[in-house]
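Structure first, then comments.
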Amino acid sequence: MGMFYNGANCDIYIGKGAGKKLLNDIRNAKKSIKIVSPFLSPFLITELINFRNRNLEVQLITTDNIEDFYGNYEKNIHKLIIQNRKTDKEAVEKREKWKDLIKILTYIGFGLLTTLIGITYYLKDIKVLFGLIPIIILFLIIKLYKKKIENKQIYSYWYSQLFPFKVYMSPDTTEESDTRIHSKIYLIDDQIAYLGSLNFTSSGTKHNYETRIRTNDLNAVKEIKEEINQLMNHSHLPERNIQLWGSQLYPEPIN
């Protein structure tokens, strides 16, 4: 992982609003958008989601410093990581049989209890109340099956991505690596590439004093595309596990 390319033709921009041309090119993309940016703003993540909804190929490489909405707003991360649920049909059938058994045992239990009360009233003999013992046992069995139903797992979960993205761990959150993903790379339709200091954030694209270069040099774009591919598919840097992350984002009721 890593590259050097010399002699590329490029445009250079330094100053405030360095991301204006970048955003225009991104919004005019016809086929694909590939982004490497350690920081992201919520509204720009929303743009990527909209691009994906337009059937554009979207790839994102970022770090675990993702900004998101707070409070009552819907979090973008819930759109990027999608919860999928599978139902265990055999477990459902077993649970339904237990429910039917509980109904039968409940009818029997209340029937026996009513009968016992009637016999006690008729015979006026307190010893008849010893008949409560099997009834109590019956209701304890009912309670046991209710607990079994409550603990029976019929759902299993897994998580998928709205579009391919990698979230690498920063050295602040892991001791597995001291490498920090700090690049800012934008590749549009595999034809136009941007490099520079600006993150895919509102401040980076609009307000900060930034530097960036823009190139459509064929050889340079080819090298940049390969570098993004390496980061996306062949990096050995520690990354957030999507399945674990999803289980932390969503509730997972078992039944």
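List the trypsin sites (Lys or Arg not before Pro) within segment 85-131 that fall in a DSSP loop (any state other than H, G, I, E or B) and whose Cβ has at most 12 other Cβ atoms within 10 Å. Provide the component values of the computation, followed by the final result.
Values: sites: Arg85, Lys86, Lys89, Lys94, Arg95, Lys97, Lys99, Lys103, Lys124, Lys127; in loops: Lys124.
Filter output for segment 85-131: Lys124.
Tally the DSSP beta bridges in the chain and give the antiparallel ones as a percent, rounded to 5. Display every interim value, and only then the final one.
Working: 26 of 36 bridges.
If I count the DSSP bridges inside the chain, around 70 percent turn out antiparallel.
How large is the helix-only mean residue ellipticity at 222 nm for the chain, computed as the sum of -39500 (n - 2.57) over DSSP H runs with n ≥ 4, divided by its residue count, in deg cm²/dmol to the nearest 500? Working shown, then result.
On the way: 7 runs with 103 residues, N = 255.
One gets -13000 deg cm²/dmol as the mean residue ellipticity at 222 nm.
Of Asn229, Asn199, Asn24, which has the largest mean-square fluctuation in a 10 Å C-alpha GNM of the chain?
In this elastic network of the chain, the residue with the biggest mean-square fluctuation among Asn229, Asn199, Asn24 is Asn24.
Give the lysines reachable from Lys206 as a straight Cα distance under 18 Å; neighbours fewer than 8 places away on the same chain don't count.
Hits, sequence-local ones excluded: Lys16, Lys20, Lys21, Lys184.
Just to be sure I understand the model, the point goes 7 Å from the Cα along the line to the Cβ. What's the resulting Ile77 to Leu112 distance in nm?
That separation, rounded to one decimal, is 5.3 nm.
What's the exposure ranking of Phe4, Phe130, going from fewest to most Cβ atoms within 10 Å?
Details: Phe4 5, Phe130 9.
Least crowded to most crowded, the residues run Phe4, Phe130.
Using the structure shown, select from Lys79/Lys152; Lys166/Lys222; Lys75/Lys143; Lys86/Lys166; Lys30/Lys75 the pairs with a Cα to Cα distance greater than 32 angstrom. The partial results should precede the final answer.
Details: Lys79/Lys152 29 Å; Lys166/Lys222 21 Å; Lys75/Lys143 40 Å; Lys86/Lys166 25 Å; Lys30/Lys75 27 Å.
As for pairs spanning more than 32 Å Cα to Cα, those are Lys75/Lys143.
Based solely on C-alpha atoms, express the radius of gyration and the Dmax of the chain in angstrom.
30.7, 108
Expected output is a single nm value to one decimal: the length gained when fully extending between Lys31 and Lys152, i.e. 0.36 nm times separation in residues minus the C-alpha distance. What is it?
Details: separation 121, 0.36 × 121 = 43.56 nm, distance 4.66 nm.
So the extension gain works out to 38.9 nm.
Read-outs throughout are calculated quantities, based only on the coordinates presented, and are distinct from any laboratory measurement. Since the structure is predicted, the reported quantities are computational estimates derived from the model, not experimental observations. Cβ coordinates were reconstructed from backbone atoms using ideal geometry, including for glycine residues, and neighbour counts include every protein chain displayed.
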